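Here's the structure we're looking at; comments come further down.
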Amino acid sequence: MRTVVGLWRWRGNPLCRRTDRREAWLTLWAALLIVLGTPLAGWGGAEAAHEALLHTAQKQQRERQRIWATVEHVTVLPPLDSETETAAGAPNRNRVTAHWTGPDGSRHVGTVMLRHPVEPGSRFRVWADSHGRLTSRPMSARGADSYSLLAGLAAAAFTAGALEAGRRTTVRLLLRRRYARWDEEWGRIGPDWGRTGTSS
């Protein structure tokens, strides 16, 4: 913007070239597009992502259920090195072999990792899909809001970066054209540089 303001004050100067004016207009338009277009792109990206994520969250909440699993065997694993370094007395990891019955009545056996201690025969809750396969917790509406906000911020940042990259590329092309013209002018007047005339 300083370039635009400076050239606006300097616009009447005979040394102000056409390429300087073009560069100033380019910077002004790029700044306006970034100020106006970036929020619009962020809002549009957030809205589109929110609709898709909310649909996904609703689908997951319909298809996933919490069911009871029964412990068959427990293997206690030592804490990870990072946990040992960051927190004294970090909880052990329990590799649990358990069985459960899916919502469709099918029986399953699998291995899960638990932080809290369990004993063989005890029960704990797991998330499973309609066929009884273990899955993660379904996305909540609040999670959809958070992810859509991040998507909007990413869309806004991408738009601003693309506009700035386009401006820099165009300015670079203008500079190359300017230098090429200078080379042509220098090739035309260079041989006569410093001469005041020919002697008779």
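Inside the range 120-131, residues that are out of contact with any Ser or Thr (no Cβ under 8 Å at 6 or more places or on another chain), open to solvent by 60 Å² or more (accessible area, probe 1.4 Å) and either modelled with pLDDT under 90 or within 20 Å of D104 (Cβ to Cβ) (or both) make up a count of 1. Checking each residue in the range 46-68 for being in a strand (DSSP E or B) and exposed (fewer than 14 other Cβ atoms within 10 Å of the Cβ) picks out R66, W68. Each residue in the range 104-119 was checked for being of a type outside the set (S, T, Y) and open to solvent by 60 Å² or more (accessible area, probe 1.4 Å), and 8 pass. Across the range 169-194, the qualifying residues are those that are modelled with pLDDT under 75 and among the small types (G, A, S), and the one among them that is most open to solvent (accessible area, probe 1.4 Å) is G194.
Test E72 against the stated conditions and say whether it is loosely packed, with under 14 Cβ neighbours inside 10 Å, among the charged types (D, E, K, R) and either at pLDDT below 90 or not in a helix (DSSP H, G or I) (or both). Yes; evaluated as a whole, the condition is true for this residue.
The values are calculated or read from the model by the stated rules, or taken from the named source; none is laboratory data. Model, not experiment: these values are computed from the prediction. Neighbour counts are summed over all protein chains in view; Cβ atoms, including those assigned to glycine, are modelled from backbone coordinates with ideal geometry. Side chains included, ligands, DNA and RNA excluded: accessible areas come from the protein's heavy atoms. Shrake-Rupley method; radii C 1.70, N 1.55, O 1.52, S 1.80 Å.
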